Amino acid sequence: MSNGWMRIGVDSEFGEKIKLVEIGKNKIAVARLQGELFAFSGLWPHVSGPMHRAEVEGTVVTCPFHAWRFDLKQGGREIHDYRPLSVYEVKVEEGEVHVKL
Ligand code: FES
């Protein structure tokens, strides 16, 4: 697959727990929240904290270090006045999950 789409695994691999996937130098966090697959930066915009340790409530992820919060449903828009989180397009084709970087 091209045009920026990268295969990251099969649909059944991803659940509610945040899973980190590495594509080259990129760390991508993937989780199924409220029944929808989300792919987003595996590192926080703030000092690159580890996203897989985020607390999750609905589609909001909160960093355990300094409590920055982002709503994935809103495209990673921040709840507070901070930098946005990169959220990537996801599609599932024939059970395979692809992310657009
Ligand atoms: S490292 Fe996550 S908010 Fe500071």
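What follows is calculated from the coordinates using simple rules that are stated; it is not laboratory data. All values reported here derive from a predicted model rather than from experimental measurement.
Stokes-Einstein D for region 5-89 at 25 °C, 0.890 mPa s, Kirkwood Rh over Cα pairs, in µm²/s?
On the way: Rh = 12.8 Å.
My calculation gives 192 µm²/s for D.
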* To do: Can you spot the lysines whose alpha carbon is less than 18 Å from Lys73's alpha carbon? Ignore those fewer than 8 places along the same chain.
  => Lys17, Lys19, Lys91, Lys100
* Structure fact -> Taking placed amide H atoms and a strict 5 Å upper bound, the residues 5 or more places from Val97 or on another chain that come that close are Ile8, Gly9, Val10, Asp11
* How large is ³J(HN,Hα) for each residue in region 38-55, as worked out from phi by the Karplus curve 6.51 cos²θ - 1.76 cosθ + 1.60 (θ = phi - 60°), to whole Hz, x for Gly and Pro? -> 10, 10, 8, 4, x, 10, 5, x, 9, 6, 6, x, x, 5, 5, 9, 5, 8
